[in-house]
Structures are given as C-alpha cells and as structure tokens.
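A short write-up of the structure that comes next.
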Amino acid sequence: MSLESLYQELILEHSKRPHGKGLGEEVGRTATSHQRNPICGDEVTLRLRLSDDGETVREVTWEGSGCSISQASASMLAALIEEDGGEEGLPREQVTNLIEGFREALRSRGSIPLDEETFADAAALSGVSKFSARVKCAMLAWVALEDDLARA
C-alpha cells in the first residue's frame, strides 16, 4: 500500500468515524466558533474548553457537515489535541504553533509536508495542499480553533 493510499484511508476513516464530534458542554472557560466555506458549503462549529487560567487547551469538540476532507480534518484536530494533551491538555502556545504549522504546510502547494510526529493523523492532509480549492476545506476546523483562542 502506498503512502498516498494510506493517507486516503485515514481521511475516509476519520470522516466515517469522527473523533470529538458532538459539541461538549459549555462548562468552565469555553469559546465557540462557527466557520463556513461559502464556496462549497462546508460548515464546522468548534468548541474549545480551556483551563481556568486560560493557558491550557483541555478539549476540542465540534459539529459539522460537508466533504470528507473538512470533516476528517476536524476529527484529526480533536484527536491531536486529546492525544497530545492527555489529561493535562496542551499549552495554548503549542496549539497556536500547531495551527500556524498546519496553515504553512497547506499553503505550500506540496513543498512542506506535515510531520507525522507533530501532526499525527492530520499529516494525511499534506496532499490537500496541492489542490488550492480543497485547502479551505482542510483549514476550516483549524481556523475555528484559532478564532476560539482569540475569543477565549
């Protein structure tokens, strides 16, 4: 199986069995952002839960509809935050760096692949960067998370 085939399988798996889907309760310090891609109609509402001091991302949950890429990307983002952060969560600065790195790779038109060590399953979205129309689909949840961080 080629790497490209494996990546396609991961995208389909996340879109069929999404991680973090279902908005969590608004308990504690939360922010919610709704993003829509007007070109294709993909939508994601993402809720961020922070630590009481606002410095640690504790949880990311979401609801959405759209193509397999937008839905898989939201799922992969939620899984990444949960797996990397564990019970403690991820420092806000680290989450901001993930968003920036993801954006840079997806805008690179394939010249900057996403590192599997850093981005886990989301590295499967590296190939999307070659298709500018699909970049917005993959970025939707990440833009919502960035908006949530700015609001929180």
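Looking only at segment 1-25, filter to residues that are surrounded by fewer than 16 Cβ atoms within 10 Å (Cβ to Cβ), at pLDDT below 80 and of a type outside the set (S, T, N, Q); which one of those is farthest from Pro113 (Cα to Cα)?
Met1
Has segment 37-44 got any residue that is without any contact (Cβ under 8 Å) to a residue 12 or more places away in the chain and under 23 Å from Val135 (Cα atoms)?
yes
Can you tell me which of (1) assigned to a helix (DSSP H, G or I); (2) without any contact (Cβ under 8 Å) to a residue 40 or more places away in the chain; (3) in contact with a strand residue (DSSP E or B) (Cβ under 9 Å, 6 or more places away or on another chain) is the one Arg49 doesn't meet?
Result: Arg49 passes all but (1).
Would you check which residues across segment 11-32 are within 13 Å of the chain's Cα centre (by Cα) and outside any helix (DSSP H, G or I) and list them? Walk me through it before giving the result.
Filtering segment 11-32 for residues within 13 Å of the chain's Cα centre (by Cα) gives 11, 14-15, 18-21.
Pro18, His19, Gly20, Lys21 - these are the residues of segment 11-32 that are within 13 Å of the chain's Cα centre (by Cα) and outside any helix (DSSP H, G or I).
Within segment 50-86, count every residue that is surrounded by 24 or more Cβ atoms within 10 Å (Cβ to Cβ) and not aliphatic (A, V, I, L, M).
Looking only at that region, the number is 5.
Could you please find all residues in segment 142-152 being surrounded by fewer than 23 Cβ atoms within 10 Å (Cβ to Cβ) and assigned to a helix (DSSP H, G or I)?
Val143, Glu146, Asp147, Asp148, Leu149, Ala150, Arg151
Take the conditions more than 12 Å from Leu140 (Cβ to Cβ) and under 14 Å from the mean Cα position of the chain (by Cα) and apply them to Glu100. Does it pass? Give the derivation first.
Numbers: more than 12 Å from Leu140 (Cβ to Cβ): yes; under 14 Å from the mean Cα position of the chain (by Cα): yes.
Taking the combined requirement at face value, the residue satisfies it.
Applying the selection to segment 18-72, what residues are acidic (Asp, Glu) and in contact with a Ser or Thr (Cβ under 7 Å, 6 or more places away or on another chain)?
Asp42, Glu43, Glu63, listed by residue number.
In this structure, is Gly89 buried (at least 17 other Cβ atoms within 10 Å of the Cβ), touching a helix residue (DSSP H, G or I) at 6+ places or on another chain (Cβ under 9 Å) and small (Gly, Ala, Ser)?
yes
Which one of these is among the aromatic types (Phe, Trp, Tyr) and at pLDDT 95 or above: Phe119, Phe131?
That would be Phe119, the only listed residue that is among the aromatic types (Phe, Trp, Tyr) and at pLDDT 95 or above.
The values are calculated or read from the model by the stated rules, or taken from the named source; none is laboratory data. Since we're looking at a predicted model, the values are computed, not measured. With ideal geometry, Cβ positions are generated from the backbone for all residues, glycine too; neighbour counts draw on all protein chains shown.
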